[in-house]
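Participant: First, the structure itself, so that you have it in front of you.
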Amino acid sequence: MITDRLTWLSLAYILYKLSLITTKNKNKRKMQYARDTKISKKWLVITIGIIGVVVTLGVTFGIRSLVPVNGNSPVLLPAENIFIKASHSMANGYEYLSQASGAVKGMRNTGGGGPHIDPKYVFNLGSLQAMHVINEDYETHSKHNFNIDEFNVHTRDLGYFETQTITFLADKNGTFEYYCTIHPEMKGTIEIA
Ligand SMILES: [Cu+2]
């Protein structure tokens, strides 16, 4: 009788213990699930964050590159590309040169030939101009810059073979001077009509 009772008791005890273990496991599983969901939510938030940052950067820089230096809002016009070199020759001293080959964009009556010294440019009113300035002064390796005050065009001082592009909107009629602050003899005109 006593052994019977003991057997029952121990069986009950074992069952009780087992039930405890199962509950624990269930709770553990629940917690694990909660943790998993938390982790995947965290990754979702991080992923969305990264996408947001990338999109914002793209929009900011993409649009900013269309904003001319003399304006605040993007201009949805294709820019005309003008290449101008800063150079030096024994005959002329410091000079700007237009691109060498073919007809030169932004210049009238060019029709090919060699590069023009301190070229005169003629732009259409309301056009967007991307000035690509390059220092090709292999004779003196001096620094050069390029400026048009009326259109807020100012490059930094470019060392030998450095280049900078400045985009401005030709939104004023008239004749304006471009120049290099380091070499006053380097200057030319742009006409906007
Ligand atoms: Cu110069």
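Participant: Name every residue in the range 69-85 that is touching a Phe, Trp or Tyr at 6+ places or on another chain (Cβ under 9 Å), in a loop (DSSP other than H, G, I, E, B) and either among the polar types (S, T, N, Q) or assigned by TED's automatic domain parsing to the domain that holds Asn124 (or both), in order of residue number.
Facilitator: Asn70, the sole residue that qualifies.
Participant: Another one. Strands (runs of 3 or more DSSP E) wholly in the range 123-193 with at least 2 residues that are in contact with an Asp or Glu (Cβ under 9 Å, 6 or more places away or on another chain) and within 26 Å of Leu76 (Cβ to Cβ) - which ones?
Facilitator: Because the criterion is at least 2 residues that are in contact with an Asp or Glu (Cβ under 9 Å, 6 or more places away or on another chain) and within 26 Å of Leu76 (Cβ to Cβ), the strands (runs of 3 or more DSSP E) in the range 123-193 that meet it are 128-135, 174-179, 187-192.
Participant: Could I ask something else about it? Just to be sure, is Asp171 over 15 Å from Phe83 (Cα atoms), surrounded by fewer than 14 Cβ atoms within 10 Å (Cβ to Cβ) and away from the ligand (no atom under 14 Å from the Cβ)?
Facilitator: no
Participant: So, one more: Quick one: Ile117 ticks every box in (1) at pLDDT 95 or above; (2) within 16 Å of the ligand (Cβ to nearest atom) bar one, so which box is it?
Facilitator: With respect to (1) at pLDDT 95 or above; (2) within 16 Å of the ligand (Cβ to nearest atom), Ile117 is out only on (1).
The values are calculated or read from the model by the stated rules, or taken from the named source; none is laboratory data. Since we're looking at a predicted model, the values are computed, not measured. So basically every Cβ, Gly included, is an ideal-geometry build from the backbone, and we count neighbours across all protein chains shown.
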